[in-house]
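Just below is one structure, and these are the notes that go with it.
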Amino acid sequence: MTSGKGVPGAFPPLNPSNWLTDKRTESIHAVKYGLKGPIEVNGQSYDNIMLSLGLENDEVVDVMNYTIQTWNSGDIVTLEEVEAVEK
């Protein structure tokens with residue numbers, strides 16, 4: 001959703017998201033490769049599939065930094081950090 005609020009019970013929020021800020025490596029992995037299985041965001045459980053978007057590493061950096069700078073707080077994600085996350 002454009003607001004980043006997600007859809008309760010179906011799609012977790014990005015605005016705000018403790019999962020993005022507290023589970024940095026897992027978040028990068030999800031953006032880079034997709035995600036399947038249960039996660040908990042802001043105290044609520046989600047169990048859905050996020051397909052890989054086929055993004056290049058620099059695009060993953062952009063997505064992560066957009067969500068951090070727009071809706072959350074934390075250090076920016078670097079290209080080296082994204083490159084270090086493997087499948």
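Pairing each residue of the range 59-70 that is at negative phi and hydrophobic (A, V, I, L, M, F, W, C) with any residue that is open to solvent by 10 Å² or more (accessible area, probe 1.4 Å) and in a helix (DSSP H, G or I), provided the two are 6+ apart or on different chains, yields C-beta distances under 6 Å for V60/V31; V60/K32; V61/L79; V63/V31. Report, by residue number, each residue of the range 1-48 that is touching a Leu at 6+ places or on another chain (Cβ under 7 Å) and open to solvent by 60 Å² or more (accessible area, probe 1.4 Å). Listed by number, the list holds a single entry, L14. Where helices (runs of 4 or more DSSP H) sit wholly within the range 7-87, those with at least 3 residues that are among the hydroxyl-bearing types (S, T, Y) occupy 24-33, 57-71.
The values are calculated or read from the model by the stated rules, or taken from the named source; none is laboratory data. Everything numeric here is computed off the predicted structure, so don't read it as measured data. Cβ: placed from backbone, ideal geometry, glycine included. Neighbour counts: every protein chain shown. Surface accessibility is based on the protein's heavy atoms, side chains included, excluding ligands, DNA and RNA. Shrake-Rupley method; radii C 1.70, N 1.55, O 1.52, S 1.80 Å.
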